[in-house]
Amino acid sequence: DVKVTQSSRYLVKRTGEKVFLECVQDMDHENMFWYRQDPGLGLRLIYFSYDVKMKEKGDIPEGYSVSREKKERFSLILESASTNQTSMYLCASGLAADLYNEQFFGPGTRLTVL
Amino acid sequence: GDSVTQMEGPVTLSEEAFLTINCTYTATGYPSLFWYVQYPGEGLQLLLKATKADDKGSNKGFEATYRKETTSFHLEKGSVQVSDSAVYFCALKAAGNKLTFGGGTRVLVKP
């Protein structure tokens, strides 16, 4: 059974804290993605990675960074959390250079920044 | 740039009713089209997909047909169940590997 796991389902942090969200996939996928999900806005891509140590900005990268030291793991970092980063964060993985195949999603991390 | 527009919810239906969720898109080239579903408390999972014009994707009683002439990919189900209550996302994938999502449509099916 294919799996994308995220380190936390719920997280509460304070403004200014450094926050790490971890994602692990067991499908040997080259590509990994971080999205945030907000009501009425759907999913918006923050960053993606197509290989170890490679990353590309998505549509809303401001305030975020990422790390991919191993193929199976992709981390999202909020250097200094702010209240407007309160959201649901979804990680996904997928095969490389494939227009047709789906992305597989983790269960999400609901982050609240106070 | 690429974009997906889908009808806003929530859509509230009675069990066994007919469901349609409209989805239209703009994209360069020939995208693949997807419907994802998110059940309460869970991540997204693929419901169905179509990769070229006139393809019909189907799964779990849901269907959607890739209409290039109207740039649409409407989702339909003939008889919904309470267990179909979820948020449905239309998405496209054009050049590269990035998915572009619509805003999501919440569907609530009442017994």
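Just so you know, all these numbers are worked out from the coordinates, no wet-lab data involved. Note that the coordinates shown come from a computational prediction; the quantities given were computed from them, not determined experimentally. All Cβ positions, glycine included, derive from the backbone under ideal geometry; neighbour counts span all protein chains shown.
Which chymotrypsin sites (Phe, Trp or Tyr not before Pro) does segment B:1-37 hold that lie in a coil by DSSP with at most 11 other beta carbons within 10 Å? The partial results should precede the final answer.
On the way: sites: B:PHE18, B:TYR25, B:PHE34, B:TRP35, B:TYR36; in loops: B:PHE18.
Answer by residue number: B:PHE18.
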- prompt: How much of the calculated P(r) for chain B lies past 17 Å, in percent of all Cα pairs?
  reply: 49
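Which is the longest stretch in chain B that no exposed loop site breaks, taking sites as GluC sites (Glu not before Pro) with a DSSP loop state and at most 12 other Cβ atoms within 10 Å? Let's see the in-between values first.
Working: sites that count: B:GLU8, B:GLU16, B:GLU69.
With GluC sites (Glu not before Pro) excluded where exposed in loops, chain B gives B:17-68 as its longest stretch.
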query: Which log10 I(q)/I(0) values, to two decimals, does the protein assembly as shown give at q = 0.08, 0.11, 0.16, 0.18 Å⁻¹ under the Debye formula with one point per Cα?
result: -0.28, -0.54, -1.11, -1.33
- request: Hand me the trypsin sites (Lys or Arg not before Pro) from segment B:45-111 located in a DSSP loop with no more than 16 other Cβ atoms within 10 Å, in residue order please.
  value: B:LYS52, B:LYS60, B:LYS68
statement: Quick calc, segment A:1-79, dipole around Cα centre from Cβ unit charges on Lys, Arg (+) and Asp, Glu (-), nearest 20 debye, gives 260
- line: Among the Cα-Cα pairs of chain A, the proportion with separation greater than 25 Å, in percent, is 15
task: Just flag the trypsin sites (Lys or Arg not before Pro) in segment A:14-114 sitting in loop per DSSP whose Cβ has no more than 13 other Cβ atoms within 10 Å.
output: A:ARG14, A:LYS18, A:LYS53
field: Which listed pairs, of A:LYS57/B:LYS77; A:LYS55/B:LYS52; A:LYS70/B:LYS68; A:LYS3/B:LYS93; A:LYS71/B:LYS49, have C-alpha distances above 32 Å, in listed order
entry: A:LYS57/B:LYS77; A:LYS70/B:LYS68
task: Treating only the Cβ atoms of Lys and Arg (+1) and Asp and Glu (-1) as charged, compute the dipole magnitude of chain B about its Cα centre; round to the nearest 20 debye.
output: 260
- line: Whole-Å distance linking the alpha carbon centroid of segment B:67-81 with that of segment A:5-60 is 30
